[in-house]
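These notes are about the structure you will find just below.
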Amino acid sequence: MDFHKFDRVSIEDVKKAHIADLATQGKYGVKYYQFWVNEEQGTVFCLMEGPDVETCALVHRLAHGNVACAMSEVEPGFFKLAMGGDNWLDEGLTIKEEGKADLGYRSILLIAITGYTLATGFDDLEAFQIPHWARDIVFEQTGKFGGRNIPWPHDDSLVTIFDEASDALNCAKTIQDKLLYTTGKPDVLFRIGLGTSQPVTAEGDFFQEAIRFSHRLAHAAKKNQLLIDSLTGKLCIKEIGELIRARLMNQNEETFLSEIFDVVEGNLGSEQFGVKSLCKSVGVSSPQLYRKITGITGRSPNEFLRDIRMERARTLLRQKAGNITQIAMEVGYTNPSYFAKCFKEKFGFSPSVVK
């Protein structure tokens, strides 16, 4: 799949270019299937099959001269999950059922759910560590709203992709209500991130960065909150309404948050890395850092940094990536006892019982 960026583009122009591709492709063992056009953004995305990236690009160059800015090799199964498998075509143009052009936007809902308990007498702590009842609610609702579940091997976050930003937003609000007001179940803490992206970036990434950003939104959100990126807000002006238990980000905040996560994740194993180091790395004063991080996350920079470390540690423990001492050091704790104390304060159970 490739990505084109134009100062100005029309659907009719891209249809003509697609016809030229079809007339040329047979000589080079390439097949162009379909394309997505966003006239407002000046972006075009083309799906093709060929022996290699260079040959696919050659067909474009010979057919009409419009060379892609980037191209990404996509795995068919993941492509179908990301973009949907039942596409309507009009001379190669991907359209929606109502006849409008599919602009290529996909919205990614990522939900991080953590069980919590201070009890110590239960024989089976798994019900608290992995709240299956809450995960079942997520799967049920994402299915009802037309979402497709995406495998995410990095931790136990739940990732779903939607064709319509409005469906993703309404699904997220419903899940919030059900997780908050279902009675008779173990306590859970959850955070939700919702971001929207076009399929291929200028760097040739196919949705991986978009999923990663939604993951960051979820882990930056306040307790039981939905954090929404600015593009989703733009696409859901009618549906946003008055936000309850949700926050809409602006582009400056998104840039700042990405920079913070880049720096923290790059220094996670350093015990010396703290708020002062973070201020220096992102070029802001301590009061500025406090104001910005607290405004987005509801947590102080120290609390936010601790939470990132603890969430990473919990994932590593569940993946059996090492013993407690090794994992403590990987997330910046040289004292295993102090690590265990912080872990229990965060989750309500000791790292030694994580399953």
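The values are calculated or read from the model by the stated rules, or taken from the named source; none is laboratory data. Small disclaimer: the values here were computed from a predicted structure and weren't measured. Glycine gets a Cβ as well: all are built from the backbone with ideal geometry, and neighbour counts include every protein chain shown. Quick note on the areas: whole protein, heavy atoms, side chains included, nothing else; ligands and nucleic acids left out. Shrake-Rupley method; radii C 1.70, N 1.55, O 1.52, S 1.80 Å.
Give the stretch 232-253 a look and list any residue that's of a type in the set (A, V, I, L, M, F, W, C), without any contact (Cβ under 8 Å) to a residue 40 or more places away in the chain and in a helix (DSSP H, G or I), or say none. The answer is 237, and nothing else.
Contact map, the stretch 338-355: first residue polar (S, T, N, Q), second residue open to solvent by 10 Å² or more (accessible area, probe 1.4 Å) and outside any loop (DSSP other than H, G, I, E, B), Cβ cut-off under 7 Å, separation 6 or more or different chains; pairs are 350/340; 350/344; 352/324. Within the stretch 183-213, the set of residues being polar (S, T, N, Q) and open to solvent by 50 Å² or more (accessible area, probe 1.4 Å) comprises 183, 208. For the stretch 326-341, a residue qualifies if it is under 28 Å from the mean Cα position of the chain (by Cα) and closer than 14 Å to residue 354 by Cβ, and the qualifying residues are 327, 328, 331. In this structure, is residue 213 part of a helix (DSSP H, G or I) and touching a strand residue (DSSP E or B) at 6+ places or on another chain (Cβ under 7 Å)? So residue 213 fits the description; yes.
Scanning the stretch 127-174 for residues that are within 30 Å of residue 101 (Cβ to Cβ), among the β-branched types (Val, Ile, Thr) and crowded, with 21+ Cβ neighbours inside 10 Å turns up 142, 159, 160, 161.
Out of all the residues in the stretch 237-245, is one or more modelled with pLDDT of 95 or more and of a type in the set (Lys, Arg)?
No, there is no match, as no residue in the stretch 237-245 is modelled with pLDDT of 95 or more and of a type in the set (Lys, Arg).
Just checking, does the stretch 31-47 include any residue being modelled with pLDDT of 95 or more, out of contact with any His (no Cβ under 7 Å at 6 or more places or on another chain) and assigned to a helix (DSSP H, G or I)? Within the stretch 31-47, not a single residue is modelled with pLDDT of 95 or more, out of contact with any His (no Cβ under 7 Å at 6 or more places or on another chain) and assigned to a helix (DSSP H, G or I). Can you tell me which residues in the stretch 267-325 are in contact with a Ser or Thr (Cβ under 9 Å, 6 or more places away or on another chain), open to solvent by 30 Å² or more (accessible area, probe 1.4 Å) and within 19 Å of residue 254 (Cα to Cα)? Listed by number, the residues that qualify are 290, 294.
If we keep just the residues of the stretch 55-79 that are part of a helix (DSSP H, G or I) and farther than 21 Å from residue 6 by Cα, which is most open to solvent (accessible area, probe 1.4 Å)?
76
Residue under question is residue 332, and the condition is that it be outside any helix (DSSP H, G or I), of a type outside the set (Lys, Arg) and crowded, with 18+ Cβ neighbours inside 10 Å; does it hold? Judged against the criteria, residue 332 is a match.
For the stretch 312-325, the count of residues that are part of a helix (DSSP H, G or I) and over 25 Å from the mean Cα position of the chain (by Cα) is at least one. Residues in the stretch 216-231 that are more than 20 Å from residue 167 (Cα to Cα), open to solvent by 10 Å² or more (accessible area, probe 1.4 Å) and part of a helix (DSSP H, G or I): 216, 219.
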